[in-house]
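The values are calculated or read from the model by the stated rules, or taken from the named source; none is laboratory data. As the structure is a computational prediction, the values presented were derived from the model and not from experiment. Counting neighbours? That spans all protein chains shown, and the Cβs are built from the backbone with ideal geometry, glycine included. All accessible areas refer to the heavy atoms of the entire protein, side chains included, with ligands and DNA or RNA removed. Shrake-Rupley method; radii C 1.70, N 1.55, O 1.52, S 1.80 Å.
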Amino acid sequence: MKHLLFFLTIFCLLTACSSSPILDTTIKHYSGGQRAGNSVSFFWYTEKSDLPETASDAVFSGNDGEYRTSYYWSQGKLQEIVRKGEKLNQQGQLVPFSLQLRFTQTGEAVYQLYRIDGSVLPVHEEQIHHYQEQAADIIKITKGRGASIHRPRLIQGYWDGETFESCNGKEYSSIEFNQTLPSFVVNRLSSLNNYLAVSGSIKGSTLQVDKLLVLTDDDHDCMKPVDLRKE
């Protein structure tokens, strides 16, 4: 009888284990890019178990400045934002700035530190809300059309007029643009080695470009996400 109870107990435990849902701990990476006027933005986003984990952006606005940002979540809630860069002061000069915000699980900013050109300034409530919205927007921009393998994403690399070599070392034999390009851009692509950053997708051996973000000399380094907590 004791042996029967033992085996029944083991059977029940095994049955319970086999019927329990398996936790998906897959780490998924997304990216994207946007261009608006003279401003270009790069975005990277990572989630684990379908919950936000980290994100990063790089925004370049020509003579108006630039910045990099790191975003961190905990248990699906935005936990911290760290930003560093340069922006125009009231005299129209580019000066360094940094921002750090930490949040509770309910979204309340319990820590803030904003420095611009050496001075410490307060961060107003509407500004804090704007930074939180930017974090949410990165998820929307990078995930785009969900799981589609042809959803637009950030693709960077070098084009020599015949072959596009992406920053991860893969080569593609052709480029297709889904937008009308100015003649000087077409001429440059056909005659010079270039660094390209685009919002697009890969189909076979072809880079399909939805939007051209950056076109410049081939000595330009590939952009990567940053972890500003470590810098």
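Has the range 57-71 got at least one residue that is of a type in the set (S, T, N, Q), surrounded by fewer than 20 Cβ atoms within 10 Å (Cβ to Cβ), under 15 Å from residue 115 (Cα atoms) and in contact with a Lys or Arg (Cβ under 6 Å, 6 or more places away or on another chain)?
Restricting attention to the range 57-71, the residues satisfying the condition of being of a type in the set (S, T, N, Q) are 61, 63, 69-70.
Retained after the next criterion (residues that are surrounded by fewer than 20 Cβ atoms within 10 Å (Cβ to Cβ)): 61, 63.
Now restrict to residues that are under 15 Å from residue 115 (Cα atoms): none.
No, that holds for no residue.
For the range 161-170, state whether one or more residues are farther than 24 Å from residue 42 by Cβ, open to solvent by less than 80 Å² (accessible area, probe 1.4 Å), of a type outside the set (Ser, Thr, Tyr) and not in a helix (DSSP H, G or I).
Within the range 161-170, the subset farther than 24 Å from residue 42 by Cβ is 161-162.
From what is left, the residues that are open to solvent by less than 80 Å² (accessible area, probe 1.4 Å) are 161.
Right, trim to of a type outside the set (Ser, Thr, Tyr) and you get 161.
With the extra rule that they be not in a helix (DSSP H, G or I), the set shrinks to 161.
Yes, the range 161-170 contains a residue that is farther than 24 Å from residue 42 by Cβ, open to solvent by less than 80 Å² (accessible area, probe 1.4 Å), of a type outside the set (Ser, Thr, Tyr) and not in a helix (DSSP H, G or I).
Just checking, how many residues over the range 149-203 are over 23 Å from residue 139 (Cα atoms), among the β-branched types (Val, Ile, Thr) and in contact with a strand residue (DSSP E or B) (Cβ under 7 Å, 6 or more places away or on another chain)?
Of the range 149-203, the ones over 23 Å from residue 139 (Cα atoms) are 157-166, 169-196, 203.
Now narrow it down to the ones that are among the β-branched types (Val, Ile, Thr): 163, 175, 180, 185-186.
Imposing the further condition that a residue be in contact with a strand residue (DSSP E or B) (Cβ under 7 Å, 6 or more places away or on another chain) reduces the set to 163, 175, 185.
Adding up the residues that qualify gives 3.
Restricting attention to the range 171-191, which residues are in contact with an Asp or Glu (Cβ under 8 Å, 6 or more places away or on another chain) and part of a loop (DSSP other than H, G, I, E, B)?
173, 178, 179
Could you list all residues from the range 81-92 that are part of a strand (DSSP E or B) and either touching a Leu at 6+ places or on another chain (Cβ under 7 Å) or surrounded by fewer than 18 Cβ atoms within 10 Å (Cβ to Cβ) (or both)?
Within the range 81-92, the subset part of a strand (DSSP E or B) is 81-88.
Residues satisfying the conditions are 81, 82, 83, 84, 86, 87, 88.
Listed here are the residues, each with its yes/no results for (1) open to solvent by 30 Å² or more (accessible area, probe 1.4 Å); (2) over 25 Å from residue 62 (Cα atoms); (3) free of Cβ contacts under 8 Å to residues at least 24 places away in the same chain; (4) not acidic (Asp, Glu).
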residue: 157; (1), (2), (3), (4): no, no, no, yes
residue: 185; (1), (2), (3), (4): no, no, no, yes
residue: 192; (1), (2), (3), (4): yes, no, no, yes
residue: 203; (1), (2), (3), (4): yes, yes, no, yes
residue: 210; (1), (2), (3), (4): yes, no, no, no
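(1) open to solvent by less than 70 Å² (accessible area, probe 1.4 Å); (2) modelled with pLDDT of 95 or more; (3) out of contact with any Asp or Glu (no Cβ under 8 Å at 6 or more places or on another chain): which one isn't true of residue 54, the others all being true?
Single failed check for residue 54: (3).
In this structure, does residue 229 turn out to be open to solvent by 30 Å² or more (accessible area, probe 1.4 Å), over 30 Å from residue 81 (Cβ atoms) and either of a type outside the set (Phe, Trp, Tyr) or out of contact with any Gly (no Cβ under 7 Å at 6 or more places or on another chain) (or both)?
Values: open to solvent by 30 Å² or more (accessible area, probe 1.4 Å): yes; over 30 Å from residue 81 (Cβ atoms): no; either of a type outside the set (Phe, Trp, Tyr) or out of contact with any Gly (no Cβ under 7 Å at 6 or more places or on another chain) (or both): yes.
No: the conditions fail for residue 229.
Which residue out of 213, 207, 196 is in contact with an Asp or Glu (Cβ under 9 Å, 6 or more places away or on another chain) and not in a loop (DSSP other than H, G, I, E, B)? It would help to see each step written out before you state the result.
Working: 213 fails: in contact with an Asp or Glu (Cβ under 9 Å, 6 or more places away or on another chain); 196 fails: in contact with an Asp or Glu (Cβ under 9 Å, 6 or more places away or on another chain).
Going through 213, 207, 196 in turn, just one is in contact with an Asp or Glu (Cβ under 9 Å, 6 or more places away or on another chain) and not in a loop (DSSP other than H, G, I, E, B): 207.
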